[in-house]
Amino acid sequence: MRYSYYKKTDKDQDPRFGRLLRYLLYVVTLLVLGLAFTVWNRIPRVDPESASREAFYEGYFTLNSRLNRTLQIRFPALAYEQGTLSEDGQVIHRFRVKDAKKVKASDVRKVLASSLEGYGFNVRDVRITADHWEYQLVADSTVWSIYVFETPGEQIQYANLLPDDLRLSKKPARIAIVIDDFGYAMNDVIEGFMRLPQTYTAAVIPGRAYSRQLAEKHYGRGRETLIHMPMITVASTTSEPELALADSQEVQEMRRRLDVAAQSVPFARGMNNHQGSGGTQSPKIMSTVSQFLKSRDMFFLDSRTIGNSIGEQTARSNGVPATRRDVFLDEVDETEAIAKELFRLARVARERGTAVGIGHCRRNTLEALEKYLPALEEAGFTFVPVSSLVST
């Protein structure tokens, strides 16, 4: 028995103690893991896309501040007047040119371009005249800012731009100007039309990349829109084969195309024909169009692309309010030629009391309207939506 002290006691041999230690270790491990998981979840995550977007906006606002400061330091002859936000979310910065001899448009553009380095923006010229310089800051085809520089001069007597017979007569007259072919593009010319302070009606081609967007933009600005409905020509041709109406189609197919067009141009108050020298001579086509318009409480404007058109007559005989075009403004795409047609339109309005002119989304047309519409307003002409001139 002398070696009995080497023997283990019953207590030492009890396995419960070891199990208890292992359980305790498990519990502690779980607690540590749970705490680590909680802390991990509470660490703010940075979404790469969100971070990139925030960095872009930060750079954008830094850019505006930097440009305004740089321009005034570089050109003491410039005075910053105000910054406003357009309906489209573009920041418009306006500068006054205090001394046109000390600053040039080309120099201002160079400073804008050099200041944009590293920000991802480009400079786009919009309108450069002797007393008005306008540039857009563009990134990924989106216009973010507009910089406008104007040279104040003597107050323009706009009516002096008009021929004497229009300037001196004060007989009341209303003019509706319709601008065709919205929907093909979204560019500085389109934006220029939408900034016109005078009333015009926008005729939107259906089924094009920007048709819905431009219809919605015009509606949001309180401007009237038309479906500029494609129709076949006398030569059985069309620039819009997917939607153009033709005599060879079944009435059901025509109605389908009209429905598609209406969905493409929401909020339209009426319709006018795109091309259609053949379509507007067809009783079948014009009867179908008239029934469609009547069901939607819309009116018809006959663009009169051919003298034998029965569009206006057929619409009225079906109880659809209608009117017709009096003058095409820009058959000759030159500013002064457009001005002459605009004066002719004004003379028709003076003689009859009302007149309808149709132009297109072209730069020269925009420039003519920007120059002469204020003059015609000063001479007593009122610009109205075309819907106010229709009748049954």
Contacts under 7 angstrom Cβ, first residue in segment 70-95 being in contact (Cβ under 8 Å) with a residue 40 or more places away in the chain and assigned by TED's automatic domain parsing to the domain that holds L116, partner of a type in the set (G, A, S) and surrounded by 15 or more Cβ atoms within 10 Å (Cβ to Cβ), 6 or more apart: T70/S115; Q90/S145; V91/S145; H93/S145
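Being in a loop (DSSP other than H, G, I, E, B) and farther than 18 Å from D297 by Cα is the filter here, so list the residues in segment 315-337 that pass it. Outline the logic, then answer.
Kept after step one, since they are in a loop (DSSP other than H, G, I, E, B), are these residues of segment 315-337: 318-321, 325-326, 329-334.
Matches in segment 315-337: R325, D326, L329, D330, E331, V332, D333, E334.
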Number of the exception - T70 against (1) farther than 21 Å from G192 by Cβ; (2) in a helix (DSSP H, G or I); (3) modelled with pLDDT of 90 or more; (4) not small (G, A, S): (3)
Counted residues, segment 342-386 - those being farther than 20 Å from R167 by Cβ and either outside the structural domain of A322 (by TED's automatic domain parsing) or within 22 Å of the chain's Cα centre (by Cα) (or both): 13
Any chance F343 is of a type in the set (F, W, Y), part of a loop (DSSP other than H, G, I, E, B) and touching a residue at least 40 places away in the same chain (Cβ under 8 Å): no
Selection status of G311, on the phi > 0 side of the Ramachandran plot and touching a residue at least 12 places away in the same chain (Cβ under 8 Å): no
Qualifying residue in segment 116-134 (condition: more than 21 Å from E370 (Cβ to Cβ), modelled with pLDDT under 85, surrounded by 16 or more Cβ atoms within 10 Å (Cβ to Cβ) and in contact with a Phe, Trp or Tyr (Cβ under 9 Å, 6 or more places away or on another chain)): yes
Every pair of residues 6+ apart whose Cβ atoms lie under 7 Å, when the first sits in segment 315-328 and is more than 16 Å from T280 (Cβ to Cβ) while the second is aromatic (F, W, Y): P321/F299
Total residues in segment 299-314, condition within 22 Å of A262 (Cβ to Cβ) and not in a loop (DSSP other than H, G, I, E, B): 7
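If the requirement is being surrounded by 16 or more Cβ atoms within 10 Å (Cβ to Cβ), in the same structural domain as E224 (by TED's automatic domain parsing), under 29 Å from K217 (Cα atoms) and touching a strand residue (DSSP E or B) at 6+ places or on another chain (Cβ under 6 Å), which of these qualifies: A339, A315, A262?
Result: A315 is the single residue among A339, A315, A262 that is surrounded by 16 or more Cβ atoms within 10 Å (Cβ to Cβ), in the same structural domain as E224 (by TED's automatic domain parsing), under 29 Å from K217 (Cα atoms) and touching a strand residue (DSSP E or B) at 6+ places or on another chain (Cβ under 6 Å).
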Segment 318-336, subset charged (D, E, K, R) and surrounded by fewer than 17 Cβ atoms within 10 Å (Cβ to Cβ), residue farthest from T288 (Cα to Cα): E336
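Could you tell me how many of the residues in segment 195-238 are assigned to a strand (DSSP E or B) and touching a His at 6+ places or on another chain (Cβ under 8 Å)? It would help to see each step written out before you state the result.
Residues of segment 195-238 assigned to a strand (DSSP E or B): 201-204, 225-231.
Pick out the ones that are also touching a His at 6+ places or on another chain (Cβ under 8 Å) and you get 202-204, 225, 228-231.
Looking only at that region, the number is 8.
Yes or no, residue by residue, for (1) modelled with pLDDT under 90; (2) surrounded by 17 or more Cβ atoms within 10 Å (Cβ to Cβ); (3) more than 22 Å from V356 (Cβ to Cβ); (4) over 15 Å from the mean Cα position of the chain (by Cα):
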{"position": "N160", "(1), (2), (3), (4)": "yes, no, yes, yes"}
{"position": "S169", "(1), (2), (3), (4)": "yes, no, no, yes"}
{"position": "F182", "(1), (2), (3), (4)": "no, yes, no, no"}
{"position": "A203", "(1), (2), (3), (4)": "no, yes, no, no"}
{"position": "A215", "(1), (2), (3), (4)": "no, yes, no, no"}
{"position": "T225", "(1), (2), (3), (4)": "no, yes, no, no"}
{"position": "T233", "(1), (2), (3), (4)": "no, yes, no, yes"}
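The values are calculated or read from the model by the stated rules, or taken from the named source; none is laboratory data. Note that the structure is predicted; figures quoted are calculated from it, not measured. All Cβ positions, glycine included, derive from the backbone under ideal geometry; neighbour counts span all protein chains shown.
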